[in-house]
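These notes concern the structure reproduced below.
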Amino acid sequence: MEMNFYAILVAALSTLLVGFVWYGPLFGKAWMAENGFSEEELKQGSMVKIFGLTFVFSIFLAMLMQILCIHQFGPLGMIGGPDFIETAKPSYAAFMADYGDSFRTFKHGALHGFMSGLFLALPLVGINGLFERKSWKYIFIHTGYWIVVMTIMGAIVCGWV
């Protein structure tokens, strides 16, 4: 079981594409109002730095999504990783023979991505938002984005066999 780096790159790219729509025509004005931003303020700053680092961080997240969405990474971790496949006990080979491609669908990955967004993004964004004294609208705009993105990422990394 190796990481699919093409799937990781495409999943990472999805954060930018969804963000373009989410923080643009869908919720852009509400997001700007909740943050007190003007359009002039948003044009300031280094877009290369912002989008470049966003893509790098999204690669990290996509790598994690493979581990969260693909069940076969669990047994691989139990034997010590890919370097130990040759020396693993016969039960590992038997498990992979029986279940090697099981649950490797876009639908299954989307489910795990959605659950990851709900049970990771909501608490993380919610806790930060509460301490920063942000509104529930702010929290739900960001959490909604992450739930959608993680659902898409999960589908991509799990279903791209």
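Read the figures in this text as sums done on the coordinates, not as results from a lab. Since this is a predicted model, take the numbers as computed values, not measurements. Quick reminder, even Gly has a Cβ in these numbers, built from the backbone with ideal geometry, and neighbours come from all protein chains shown.
Descriptive notes on the structure:
- Residue among L118, H108, I141 farthest towards the positive dipole end of the range 79-161, charges placed on Cβ: I141
- Dipole-positive endmost among M32, C69, Y92 within the range 4-149 (Cβ charges, Cα centre): M32
- Gain in span if fully extended, Y92 to F51, counting 0.36 nm per residue against the direct Cα distance: 10.7 nm
- Note on the range 78-158: with charges restricted to the Cβ of Lys and Arg (+1) and Asp and Glu (-1), its dipole about the Cα centre is near 480 debye.
- A Cβ-based charge dipole, computed about the Cα centre of the chain with Lys and Arg at +1 and Asp and Glu at -1, lands at about 380 debye.
- Placing pseudo-labels 7 Å out from each Cα toward the beta carbon at S135 and V161 gives an inter-label distance of 4.7 nm.
- Over the range 1-154, relative contact order from alpha-carbon pairs under 8 Å, at least 6 apart, %: 33
- From its DSSP helices (H runs of at least four residues, each -39,500 (n - 2.57)), the chain gives a residue-normalised ellipticity at 222 nm of -22500 deg cm²/dmol.
- Pairwise inverse Cα distances across the chain, averaged and inverted, put the Kirkwood hydrodynamic radius at 17.3 Å.
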